[in-house]
Structures are given as C-alpha cells and as structure tokens.
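K.L.:
One structure coming up, written as structure tokens, with questions to follow.
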Amino acid sequence: MSTEQPTETRQKGEPILSVENVRTSFYTDKEVIRAVDGVSFDIYRGETVGIVGESGSGKSVTARSIMRLVDNPGRIENGRIMYDGENLLDKKPKQMRAIRGGSIAMVFQDPLTSLNPVYTVGNQIKESLRLHRGMSGKEATKEAIELLEAVGIPDAHRRIREYPHQFSGGMRQRAVIAMALACDPELLICDEPTTALDVTIQAQILELLEDIQEERDLAIMFITHDMGVIAEIADRVNVMYAGEIVESAPAVELFESPKHPYTQGLLNSIPGQGLEEGGRLSTIEGDVPTPNEEPTYCRFAPRCPKAFAECDTVHPVPVEVGDDSTQHQASCLLYPKNLSKEEALDVHRERGAKGGDQR
Amino acid sequence: MSRWQYFLRRVLMSIPVVIFGTTITFALIRLGPLDPVSAILGTQYNPQAAEQIRTNLGLNQPLWSQYFDFMYRLFTFQLGQSWVIAPGTTAYELIQVYAPRTIWLGFWSVLIALFVGIPLGFYAGLNPNTLSDYVASFGGIVWRAMPNFWLAIMLVTALSQTGQWTNGFFTWQTWIVKTNVVTPPALGFFQDPIQGFLADPGGWFNSFLKATKQIAPAALVLGSASMGNEMRIGRTAVLETINSNYVETARAKGVSGRSLVWKHIFRNALIPLVPIITGEAFLLLGGSVFVETVFAINGLGWLFFNAAINGDLPLIGTLMYIFILILVGTNILQDFLYTVIDPRVGYEG
Ligand SMILES: Nc1ncnc2c1ncn2[C@@H]1O[C@H](COP(=O)(O)OP(=O)(O)OP(=O)(O)O)[C@@H](O)[C@H]1O
Ligand code: SF4
Ligand SMILES: [Mg+2]
C-alpha cells in the first residue's frame, strides 16, 4: 500500500492526451444509452491516471472512444480528444490505425483471451513491429525476444515460438504488455489488466507497469474497479458514475479527503477502510442506472445518502473542492463549500446551462 | 505431447475402430436373418446345390474360423465376389465400375457446399444484420429445410422441362454440352487422365465438362443440406470471432481491416467448421443411395442398395468394409485439418 506518492506529480506543459466533453452513445433498439456523457480529463507524460467506477459506469467505453474502437451501434457524438495537438475524432481510418498501437497502445482486461490462439506469441508481437516499425525477419525476432525479456518472461527465445495456450495467465498478460510496448507508445491504456489474475501475479504486473513507465516516461491510463489497485498505481484518479466523471483528484488527496458522496461511499465500502487488494466496489446499495437521457438531475441521487430535493432537478457540474490544491473537482450540488446552498445551486445551474454540447 | 504425436495417436486409434466395425458387419451378415444360400439359389432351391454352395462359401466351418477368414480377407483386400446381383464378378471389378461415379458425385457436392456455403456464411457474419445477411440467412434456412427428395424430384422435373418453358431459348439438355438429365456420368476420361489430356486436350475437356454437367444437379441436391449448415455455422463462427478479445486486441494494435479478416478472423472461424465439413461424408454416404437412384447415377450407393435388397451377402460385407474405411478416413482427415489449423490440438490442461 503506497499512498505516499507526491500530491504534485503533474508536470508542467501540455497534457499528452486531453479528453474534452466527450459523449459516446449506443443506439440500441430500445433506447439511446449515453455510456459516456460529457467526460473531460487530461493525461500528462509519465503520469498514471486511474479511472474507477462500478461495473457499467462507462470506463471501457471511455477507453474505446479514445482508441476510436467504438462499434455499431455506438457513436462518438460530441467533444474532442486531443492528442499531440490534433483531434483524434477527425482522423481518417488509416491515420487512426497508425496511432493505434503506434502512439497509443491498449491492454485489455482478459489476458487469457487477448492473444489469438492460432498464432505464436512471437508472430503476434512481430505483427506489431512490422505494422509500426517496418521490422521483419531476424531483426523483428530479435526485438520481440528483447521485449519478452523486458516484461520478465524467462527463456524468451524459446517462448517466442510457443502458442498462447502454452503460457500461464500471468505470462500471457506480460506478453500482451510486451506486444503493447512493441512500438514504443507514449500512452498505454490498461482496461482492468489485472482483474483476471490472482493477487500475487497482479502485484507483479503492477510493478512491471511501474518499472516500464519509469523507464520510458510512459503515460498510463489505468481502468479498474479495485480501489486497492488504484491506491497502488495511480497519481491521479477520476471517479466515474453512470457515464460521468463525478470526482477528479490527485490520488492521495482523493483517499484522504474524498468529497463526492459516491467516492465516499466507495471508500467506505472497503472493509476496514483499508485499501485492501481486491476490495470491490459493490457494497453501495443499488445499481448504476443506465444513462439514457440528457441529465437534468444528479444521476447518483437515488443512491445518495445526502441527497436533497434539488438533486432531482439540477444537474451538478464539476466545481473546485480542493482544500488547498486547485486540482480537485467534484460534481455535487453540496459544493462549493464556501458558498451557501442557494449560491452553490446557482453556480451549478448557471454553468450547467452554459455547458452542454458546445465545447 | 506435440500436435503431430497427437495426430499419430488418432490415426493408430482408428485401427481398432475398423476392426470393430468389420466385426459388427460379420455378425450382421452371418447371424442376421438372411441366409446367403437361399439368396443365391433363389427359386431354384435344392438341398444338393445348397450343400455345394455351403462348402464353397466355407459356411460349414466353425464360426470363429469363418470370422478370421472374413477379417483376414478384407484386411488383405481380397474382396471376394458378388453372388447374386452379378454372379462371378469380383467385388473389386464392381467397385471399379461403380465407385468413381459416387466419388465424382461426392466431390462436387462437397465442393458446392464448401464454395457456396462457407463464403456466404462468412460474408453474412462479416456484415451482420444487413439486408444481404438477412437474404443469405433466410435463403440458407429455406434451402436447408427443403427435403432432399423433394428438391431432387423438382430439379429433375424442372431441368427436363427447361426447353418447353423457355421456348427453346434455354434447354438444359443441350446447354454447353449435350447431356441427359438423369444419367450416370461418363467418367471414361479418368482412366488415364494425363495421357488422355495430352493426346486430345479439347476432347478431354469436353468429356470433363460433360461429366460435370451430368453430375451437377445431383451434387446440388446432395450438397444442399451441408451447404445450409456450413453457411449457418460459418456465420456464427465469424460473428463470435469478430467479437473475441484477440480480434479487439489486434484492432487496438492497428491491424488493418483486411489483415484482420484474413489473418485473425478466418482461421479461427474455420475451426468449428471442420467437423461440419467432414461430417458431410456421412451425409453423403446416406444421401447417395437415394440421390443416385433418382438421378440414375449407378454408383456405390445404388450398388449397395441392390446388394442389400437381393441379399448379396459377400458383396454387402465388402461394401460395408469400404464404407467403414471411408468414414475412418474422413475422421483422420478431420483430425488432420484440426491439427493443421488449431495449435491447441492435443494439449492437455
Ligand atoms: N456495444 C454496446 N451496445 C450497447 N450498449 C453498450 C455497448 N457497450 C457498452 N454499452 C453500455 O455502456 C455502458 C458502459 O459500459 P462499459 O463497458 O464502459 O462499462 P465499464 O465501466 O467498463 O464496466 P465494467 O467494469 O463492467 O467493465 C453500459 O451501460 C453498457 O450497457
Ligand atoms: S448532487 Fe445531491 S444526490 Fe448528487 S451526489 Fe451531491 S448530494 Fe448526492
Ligand atoms: Mg469495462
């Protein structure tokens, strides 16, 4: 448990990735699901940004939106995703393919099924090398072996000719990470990369990611619903609920003084308030609602212990809640604390009206 | 255990299967209700002749010695001769005449199923819930549901009438090459294909075309059930593969659409199709008896059917043995395909 990261890890300068008011909806037969609804956050070089939230809160769809891997019936409808000064949403498919795996790599939740069972591990790593670095033949093989060694797979020159089913779960996840690193990405998106692994292996993989990050000055976006893992790895945390980011803060500050009632609930739901590994976020009463309309209220209200009348009629916007830092925001009508309740409500009403789709 | 060791083991395991199947055949023939002697003699039954035949056939020997004799002969490919439907002709000669037609029929029906069913299924799977998917899926279901005999008879009727219907504009019988609708295909050109082709390429090609056209309607009927199956399974397999994590991972690393389909999707989607494809051999053996009758293709199925209704026991035994070999061979082919396509084969754990 390492909650002693420096609060101020953010580096100066431009963020490497800037997600601005993105909305991704799924047009199903029954309804339009706003899986991601007006999400904004930044990721800086060398930084690990954690995204937490219960199942169904839109974490994976956020990641997919950044990769532009949202499939039918899903559509990214609004917002910008700025990478390297350019909006990824304007990229042509071919340009996007060069970015995927090349500049932004992604590791998925299930290592057991992330590798194609009918090709060798080496083949799949070399595929990345060929696609983004034009390597082939001996050169690619050598590089692939080095990558496997870098992620701590022993006997790599033999392993490279083996098939995924000959690898253990932890080794497969390492191989997937090696594949993601093959092209020296600047940003690595990890969608619950350790959920399927047992605790020891999980710790090893987290350590591996930290080492790699240090070595390569990699930015990591880390999705999980495990608060223990977040405490371990994240510099900054975004808490998602029903398609929205409800609180965003440096990791230490979030754990020490969570402001949003949802975050408080999440942290309280971990036994012994200890951020034990494997602590899951399932003990708040009720379920995440499916966001299927424009929010004119607080989506957490039905489950919120502090809800009051206006929570059903005013949509909370992110406001500064930090005690001293300026990097702690929460979307809750209880804030800003230094204003009276009425004044606070006015802030939310006014900014909510201005917000919307035109960013 | 490596995949190929596993494959070898599967091949070895087919030996007991052949022995078992042949033993069952023996039991059915010798212990079944049919008496070969009366079948051979038919109406001219007399005890003396019967005794004579019994001795000739070795039916006076103890059963176990008959059994070993039977097994030994089959395994050394001494296939005996026909006693009833073509007395005195060796089974080998009969098979030489009848088998090629069945093989020709089987070849085309498998090919039709493969080259129509799988591409259609894959196409539908790659474009799910589009109009073409619905058309293909719906067509596949209707096609599969059509009973073989109905389809066969409709096709024979329709093809015979094409001349009248189109006022002579299109007549199946004279289209490209002159053929009858129901006929055994003329396969003489296969006797010595290379020589034949070199000597007279035009003529050889013409015979080839003719034989293909002759078999086409029957092959279509026989292949249609498998075609529908392959389409359906192919579609599901592609859909499943598309939504799998490894395809997602491949997309996330920037693999292009075409490579995604050919490299990552198709090979995996083929795996569930393997047993469907080889399972066709079983369908074929069953279906061929009937289809060969309707289309007057005097093949193995027809031969077997006649041997059976006439009680030609030695020939039945031999044909059964051949069928068993075909089935076992198909199973081996199936294992071979699995071994080639799927590296997980033979992996325990
Ligand atoms: N292809 C899709 N079609 C329709 N709805 C979808 C699709 N993908 C996601 N959704 C919806 O989007 C919402 C968010 O899903 P998402 O997968 O992002 O959740 P998550 O936070 O990653 O959850 P988990 O922790 O379970 O992975 C859910 O309500 C889900 O039903
Ligand atoms: S806005 Fe209201 S309901 Fe929503 S979290 Fe704050 S207090 Fe709870
Ligand atoms: Mg998810």
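K.L.:
Go over the candidates B:ILE103, B:ILE85, B:ILE29, B:ILE95 one by one and state the one that is in a loop (DSSP other than H, G, I, E, B), of a type in the set (A, V, I, L, M) and either surrounded by 14 or more Cβ atoms within 10 Å (Cβ to Cβ) or modelled with pLDDT under 85 (or both).
P.N.:
Numbers: B:ILE103 fails: in a loop (DSSP other than H, G, I, E, B); B:ILE29 fails: in a loop (DSSP other than H, G, I, E, B); B:ILE95 fails: in a loop (DSSP other than H, G, I, E, B).
On inspection, the qualifying residue turns out to be B:ILE85.
K.L.:
For region A:17-32, how many residues meet the condition of being surrounded by fewer than 22 Cβ atoms within 10 Å (Cβ to Cβ) and not acidic (Asp, Glu)? Walk me through how you get there before you give the answer.
P.N.:
First, pick out the residues of region A:17-32 that are surrounded by fewer than 22 Cβ atoms within 10 Å (Cβ to Cβ): A:18, A:20-21, A:23, A:26-32.
Applying the additional criterion that residues be not acidic (Asp, Glu) yields A:18, A:21, A:23, A:26-28, A:30, A:32.
Residues flagged as surrounded by fewer than 22 Cβ atoms within 10 Å (Cβ to Cβ) and not acidic (Asp, Glu) within region A:17-32 amount to 8.
K.L.:
Another question, if that's okay. How about region A:106-199: which helices (runs of 4 or more DSSP H) wholly inside it have at least 2 residues that are under 28 Å from the mean Cα position of the chain (by Cα) and more than 16 Å from ligand 1 (Cβ to nearest atom)? Let's see the steps before the verdict.
P.N.:
Working: elements: A:121-133, A:137-150, A:156-159, A:169-181.
Where helices (runs of 4 or more DSSP H) fall fully within region A:106-199 and carry at least 2 residues being under 28 Å from the mean Cα position of the chain (by Cα) and more than 16 Å from ligand 1 (Cβ to nearest atom), they are A:121-133, A:137-150, A:169-181.
K.L.:
Here is a follow-up. Give me a count of the residues in region B:251-272 that are away from chain A (no Cβ under 11 Å) and in contact (Cβ under 8 Å) with a residue 12 or more places away in the chain. Give the steps one after another, and end with the answer.
P.N.:
Pass one, region B:251-272, residues away from chain A (no Cβ under 11 Å): B:258, B:261-262, B:272.
Pick out the ones that are also in contact (Cβ under 8 Å) with a residue 12 or more places away in the chain and you get B:261, B:272.
Of the residues in that region, 2 qualify.
K.L.:
Within region A:232-247, is there a residue that is away from ligand 1 (no atom under 13 Å from the Cβ), more than 14 Å from every other protein chain (Cβ to nearest Cβ) and at pLDDT below 90?
P.N.:
Yes, region A:232-247 contains at least one residue that is away from ligand 1 (no atom under 13 Å from the Cβ), more than 14 Å from every other protein chain (Cβ to nearest Cβ) and at pLDDT below 90.
K.L.:
Does A:GLU192 fit the bill of being within 13 Å of chain B (Cβ to nearest Cβ) and either closer than 30 Å to A:PRO318 by Cα or of a type in the set (Val, Ile, Thr) (or both)? Before you say what the answer is, go through the steps one by one.
P.N.:
Details: within 13 Å of chain B (Cβ to nearest Cβ): yes; either closer than 30 Å to A:PRO318 by Cα or of a type in the set (Val, Ile, Thr) (or both): yes.
Against the criterion (within 13 Å of chain B (Cβ to nearest Cβ) and either closer than 30 Å to A:PRO318 by Cα or of a type in the set (Val, Ile, Thr) (or both)), A:GLU192 qualifies.
K.L.:
Look at B:PHE197 and say whether it is assigned by TED's automatic domain parsing to the domain that holds B:ASN229, of a type outside the set (D, E, K, R), modelled with pLDDT under 80 and not in a loop (DSSP other than H, G, I, E, B). Break it down stepwise before answering.
P.N.:
Numbers: assigned by TED's automatic domain parsing to the domain that holds B:ASN229: yes; of a type outside the set (D, E, K, R): yes; modelled with pLDDT under 80: yes; not in a loop (DSSP other than H, G, I, E, B): yes.
Yes: the conditions hold for B:PHE197.
K.L.:
Please go through region A:296-343 and pick out each residue that is in a loop (DSSP other than H, G, I, E, B), surrounded by 14 or more Cβ atoms within 10 Å (Cβ to Cβ) and out of contact with any helix residue (DSSP H, G or I) (no Cβ under 9 Å at 6 or more places or on another chain).
P.N.:
A:ARG299, A:VAL321
K.L.:
Any residue at all in region B:273-295 that is within 14 Å of chain A (Cβ to nearest Cβ) and either touching a residue at least 24 places away in the same chain (Cβ under 8 Å) or small (Gly, Ala, Ser) (or both)?
P.N.:
Going through region B:273-295, the residues within 14 Å of chain A (Cβ to nearest Cβ) turn out to be B:273-274.
Among the residues that remain, those that are also either touching a residue at least 24 places away in the same chain (Cβ under 8 Å) or small (Gly, Ala, Ser) (or both) are: B:273-274.
Yes, there is a match, as at least one residue in region B:273-295 is within 14 Å of chain A (Cβ to nearest Cβ) and either touching a residue at least 24 places away in the same chain (Cβ under 8 Å) or small (Gly, Ala, Ser) (or both).
K.L.:
Let me ask another. Any residue at all in region A:209-231 that is more than 16 Å from ligand 1 (Cβ to nearest atom), over 30 Å from A:TYR119 (Cβ atoms) and surrounded by 24 or more Cβ atoms within 10 Å (Cβ to Cβ)?
P.N.:
Going through region A:209-231, the residues more than 16 Å from ligand 1 (Cβ to nearest atom) turn out to be A:209-220, A:231.
Now restrict to residues that are over 30 Å from A:TYR119 (Cβ atoms): A:214, A:217, A:231.
Next, from what is left, pick out any that are surrounded by 24 or more Cβ atoms within 10 Å (Cβ to Cβ): A:231.
Yes: region A:209-231 contains one or more residues that are more than 16 Å from ligand 1 (Cβ to nearest atom), over 30 Å from A:TYR119 (Cβ atoms) and surrounded by 24 or more Cβ atoms within 10 Å (Cβ to Cβ).
K.L.:
Would you check which residues across region A:42-85 are within 16 Å of ligand 3 (Cβ to nearest atom), within 13 Å of chain B (Cβ to nearest Cβ) and not in a helix (DSSP H, G or I) and list them?
P.N.:
A:LEU69, A:VAL70, A:ASP71 - these are the residues of region A:42-85 that are within 16 Å of ligand 3 (Cβ to nearest atom), within 13 Å of chain B (Cβ to nearest Cβ) and not in a helix (DSSP H, G or I).
The values are calculated or read from the model by the stated rules, or taken from the named source; none is laboratory data. This structure is a prediction, so every number in the text was calculated from the model and none was measured. Note that we place each Cβ from the backbone using ideal geometry, even for glycine, and neighbour counts take in every protein chain shown.
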